[in-house]
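Each remark here refers to the structure printed beneath this line.
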Amino acid sequence: MELLDAVLEAGPKPPYTATRAEMKNYAQTLSSHVAISVADGLRRHGLDNCFPDKEGRGEDRAFLGSIGAKKVDVHFSTENGGLMLGVSIKTINYIPTSNLANRCGDLMFESVTLHGRFPFAVLGALLILDSKALSDGNDRRQSTFDQANTKLKLYSGRRYYSESIEKFEAISIGIYDVSSSTQYFRLFEVGNQPREIAENEFYSRLADLTKQRNPKHF
């Protein structure tokens, strides 16, 4: 299942006039569908026991980290090795938003917690934004997309297990639009100049690093 399919399966997004509960339920539903899609992509790249799956197995499994237990949206683990791969899914579906700093802060807490206990683990993050995030900037402020890239690029690109534990191995930003006139999901690798990538590039980078750090398992 492609990421666009995951967004479509989450159903129509509630309007801006919807209640907070309706917006929260949609965000949770979207995250669940995207998590299944990401796990499916990683399974196609050789991580056969990556979860969750369509049957609901492995959804939101918690791992004991350095600062308590932490639920991991997408995960690959073994009994002997513990957590080998984790991917965090965050969504911001209503733009403009004041939640960006909170979402980024949540990601940093997750990386410190999980890498603190599993320094060899490969961690990825996917921040999903409504397409309005590309064009909500003005003369006084960056667009939400540019703000997200500026914040997250500082915490991406962890190449070795000995590097700072607050960093992720890979972070991408997804932009979706499923309005009646257009339907797309675009994926960008964060960096000084955010680069649009194919979904398989995101998956292959995470899967390849996982295999490199665990050669005896593969």
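Which of T17, T210, T29, T113 comes first, and how do the rest follow, when ranked by fewest Cβ neighbours within 10 Å?
Working: T17 6, T210 24, T29 15, T113 20.
If I rank by nearby Cβ atoms, fewest first, I get T17, T29, T113, T210.
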Loop-located trypsin sites (Lys or Arg not before Pro) in the stretch 81-150, at most 12 other Cβ atoms within 10 Å (DSSP): R140
Which net charge results when you count Lys and Arg as +1 and Asp and Glu as -1 among the other residues whose beta-carbon is under 15 Å from that of V7? -3
Students often forget the sequence filter, so: which aspartates and glutamates lie under 13 Å Cα-Cα from K71 once same-chain residues fewer than 8 apart are removed? E59, D60, D106, E110
In sequence order, calculated HN-Hα J values of the stretch 38-52 (Karplus, 6.51, -1.76, 1.60; Hz; x Gly/Pro): 5, 4, 4, x, 6, 5, 5, 9, x, 9, 4, 9, 7, 10, x
Angle between the chain longest axis and helix 199-213 axis [Cα atoms, degrees, rounded to 10]: 20
Estimated 222 nm signal from helices in the chain, with DSSP H stretches of n ≥ 4 weighted -39500 (n - 2.57), rounded to 500: -11000 deg cm²/dmol
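Sort 151-157, 125-131, 22-28 for me by packing, meaning the mean count of neighbouring Cβ atoms within 10 Å per residue, highest on top. Mind dumping the intermediate values first?
Working: 151-157: 17.6, 125-131: 23.4, 22-28: 14.9.
Top to bottom by mean Cβ count within 10 Å: 125-131, 151-157, 22-28.
Starting with the fewest neighbours, write out S111, S77, S135, S180 ranked by other beta-carbon atoms found within 10 Å of each beta-carbon. Please list the in-between numbers first.
Details: S111 26, S77 20, S135 11, S180 5.
Placing the least packed residue first, the sequence is S180, S135, S77, S111.
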Take every Cα pair under 8 Å in the stretch 3-213 that's 6+ residues apart, average their separations, divide by the length, and report that relative contact order as a whole percent. 18
What number comes out for the charge environment of F118, summing +1 per Lys or Arg and -1 per Asp or Glu over other residues with Cβ under 13 Å away? +2
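Report, for the stretch 3-213, the % of DSSP beta bridges that are antiparallel, rounded to 5.
Working: 21 of 38 bridges.
Here the share of antiparallel DSSP bridges comes out near 55 percent.
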Filtered GluC sites (Glu not before Pro), the stretch 48-139: DSSP coil and at most 10 other beta carbons within 10 Å: E55, E79
What does the charge dipole of the chain about its Cα centre add up to, to the nearest 20 debye, if the Cβ of each Lys and Arg holds +1 and the Cβ of each Asp and Glu holds -1? 580
Ordered by fewest other Cβ atoms within 10 Å, a rough proxy for footprinting exposure, S181, S172, S32, S162 read S181, S162, S32, S172
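Since every read-out is calculated from the coordinates, none of them should be taken as a lab result. A quick note: this is a predicted structure, and the numbers were derived from the prediction, not measured. When we count neighbours, we look across all protein chains shown, and the Cβ atoms used for this are built from the backbone with ideal geometry, even at glycine.
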